[in-house]
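Here's the structure, in structure tokens; my notes come after.
The values are calculated or read from the model by the stated rules, or taken from the named source; none is laboratory data. Quick caveat, the model's predicted, so the values are computed rather than measured. Here the Cβ positions follow ideal geometry from the backbone for every residue, glycine too, while neighbour counts run over all protein chains shown. Each accessible area value is taken on the protein alone, full model and side chains, heavy atoms only, with ligands, DNA and RNA left out. Shrake-Rupley method; radii C 1.70, N 1.55, O 1.52, S 1.80 Å.
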Amino acid sequence: MYKILFFISIGIILIFIFVIIDIIKKINYIKGILDDVVDGNSTRKVMLNNNLKSIASLVNNINLIINRLHETQNENLEKANVMSKMVSNISHDFKTPLTSLIGYVELIKVSKKLSLEEIEEYLDIVNNKACYLNSTLENFFYLSRLEAKDEKFNIQEINLSDVVQEQILFFYNDFKNIGIEPVLECPNEDVYVFADKISVGRILNNLLSNSLKYGKDGNKVGVRVYKDKNYVYTEVWNNGKGIDEKNLPLIFNRLYTAEESRNSKLSGNGIGLSIVKELVKGNNGSINVKSISFEKTAFTFSLPRR
């Protein structure tokens, strides 16, 4: 009887030894994977089948952490690429007007044959270039504040119909000068939303300015306001050249502009639509864009009614 108990005890001890050895091997294997991950290889995964619930749970959690690390590295790489493009775009947008500005200043300083009218004309150009640079910097820092959630929104009930009409009037002469009659489609009664009035005005200002720049190839620009039970929708549209389908997913990216627009006299720096997107988000709304060349390019944003 004692011999049987002895051999049973020995068997149990041996089983425990084999189990412990197996666990040690698995732990060493997991350690090796983690060492690779620490060295920068975030594509590694712990491929281990185990009947022990605790180790299976550990493996699952380790793989989740590795997945998140991999996603974070990809996001950081994407941000680095965006930052590189941003620096390149800023350099491009600043270099041309700065070169021009410096050239005119040097011309005014050096030339002794300029008439008073010519000097005034060149100073106007210098002033315009300086204002453009100042506006670009202000927009850049404003966007940075929006993305950092440093901008405060005074959300209250506002009359959206009034804001739309104010912005249409602001651009009316600009549209008339290029032969465009703005089209306004609003409900007969005033439309109210809960939003920050100043930022809603800026959203409309940026979108109408965008239509003025890139919709001039067409002959129509319009604003349409409509609503459902929970939201009011404002559509700013034009029938100009439009946006290539491949560019639509990128249109709200920070400092994104289509390459052909950079060669245009009216080229923007891409900040405006990024600001629009952040302002719409700050007012608890959403925005989308659809474009069919020379038929209709429409930016539609929503604002809550309650």
Check your understanding: Are there any helices in the chain, counted as whole DSSP H runs, that stretch 24 Å or more along their axis by Cα and score at least -0.5 on average by Kyte-Doolittle, and if so which?
Key -> 2-38, 53-110, 116-147, 160-177, 197-214
Review point. Per residue, how much accessible area does the chain show when a 1.4 Å probe rolls over the protein heavy atoms, in square angstrom?
Key: 63 Å²
Study note, to complete from the structure: Charge tally for neighbours of Gln156 with beta carbon under 10 Å away, counting Lys, Arg as +1 and Asp, Glu as -1, is -1
Review point. Can you pull the percent of region 149-230's accessible area that's carbon plus sulfur, 1.4 Å probe, other chains left in place?
Key: 44 percent
Review point. How high is the relative contact order of the chain, in percent, with contacts defined as C-alpha pairs under 8 Å that are six or more residues apart?
Key: 14 percent
Practice item. Taking all protein chains together and a probe of 1.4 Å, list Cys186, Cys131 from the most accessible to the least accessible. Key: Cys131, Cys186
Review point. How much net charge surrounds Val46 when only the other residues with a Cβ under 11 Å from the Cβ of Val46 are counted, with Lys and Arg +1 and Asp and Glu -1?
Key: +3
Review point. Among 166-175, 103-112, what's the highest-first ranking by average C-beta atoms within 10 angstrom per residue?
Key: 166-175, 103-112
